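Read-outs: derived from the displayed coordinates by stated rules, not from any lab. Everything numeric in this text was worked out from a predicted model, so none of it was measured. No Cβ is skipped: glycine too gets one built from the backbone with ideal geometry, and neighbour counts run over all protein chains shown.
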Amino acid sequence: MPELPEVETTRRGIEPHVIGKRVQDVVVRQGALRWPVPAQLPDLLRGTRILGTARRGKYLLLQTPRGHLLIHLGMSGSLRIVSAADPVRKHDHVDIRLQGGAILRFHDPRRFGCLLWLTEPPDTHPLLAELGPEPLSEAFDAAYLLECASGRKAPIKQFIMDSHIVVGVGNIYANEALFAAGIAPQRAAGKVSAARQEALVAEIKAVLARAIEVGGTTLRDFVGGDGKPGYFAQSLQVYGRGGEPCVACGVTLKEIRIGQRSTVFCPKCQR
DNA sequence: AGTGCGGCCTGTCCGC
DNA sequence: TGCGGACAGGCCGCAC
């Protein structure tokens, strides 16, 4: 499940290998992703040069003079640099072959990811235009969250996972940040005190920044490695620990479902 | 406008 | 041991 830190780690991992490179060819083995891979994608990319990479939320962008390739890794996607000698495995859906022999390979067993071609400025594309601020930017602060949350009845956990409010807070980090901020996940967003919202903003930033740092240490794995995500390396306080004791107080962690998502919290530490 | 939920997929795990 | 079924999950897009 690539969350924002893993997407950023992926971006940093592939960038030095793709920047300035010309696309030799594109091979689409399986185009039925969340949305169909544009049939013209090989023609659109062939011969063009990749100018750079960018990330918006969990979306990756490859910039070219002709347009942008928008990539989402969905739940099970990965993007790695391989060589022509690397055998094609099951679920290796798209290869972008670059000048010099390197291949940018998109792998996604569940096919919740996507590759789309944008000719308009990315910020104006429907998938990106309505997104909230980046969690690690200054635009995401306590005053902003407080204003957004005012009067909202949705559970705070669902609220911070809403990409229109803030991007990149997936289920794992929502659980972790709420625990760290001492907020019960089912509490209505509008009923979380200003002080706790401030703590929540700080914890979201902290947990994401820490995971990106950890991801950075696994960057070498992006070339020829297995592409294992770095963020699993970080110890999780609540996620996946339902029924086990709270690391802070020892009370049994509760597991419930909020918005069809598994939610773990400490009934004593989180109010 | 805000909220709730169905659907897309396949690997993994559980119980029989 | 093999097999079917439940489950996991990001996020769009629709219905209310």
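Taking a ≥ b ≥ c as the square roots of the eigenvalues of the Cα gyration tensor, region A:4-129 is classed as rounded, since a/c falls below 1.5. The ranking of A:Phe140, A:Phe265 from fewest to most other beta carbons within 10 Å of each one's beta carbon is A:Phe140, A:Phe265.
Take A:Thr48, project a point 7 Å from its Cα along the Cβ direction, then tell me which residues of region A:91-124 have their backbone nitrogen under 13 Å from it. Answer for this model: A:116-122. Round to the nearest 0.05 the FRET efficiency obtained for A:Ala129 and A:Arg34 when R0 = 22 Å and r is the Cβ-Cβ distance. That gives a FRET efficiency of 0.75. Counting 0.36 nm for each residue step from A:Met75 to A:Leu136 and taking away their Cα separation leaves a gain of 19.8 nm. Among A:95-106, A:27-38, the peptide with the highest mean count of other Cβ atoms within 10 Å heads the list, and the full ranking is A:95-106, A:27-38. Considering only A:Ala84, A:Gly52, A:Ile96, and ranking their Cα positions along the charge dipole of region A:4-129 that arises from unit charges at the beta-carbon of Lys, Arg, Asp and Glu, the one farthest toward the positive end is A:Ala84. Where in region A:58-89 does the label zone of A:Asp25 land, with the point 7 angstrom along Cα→C-beta and an amide N cut-off under 18 Å? Output list for this probe position: A:82-89.
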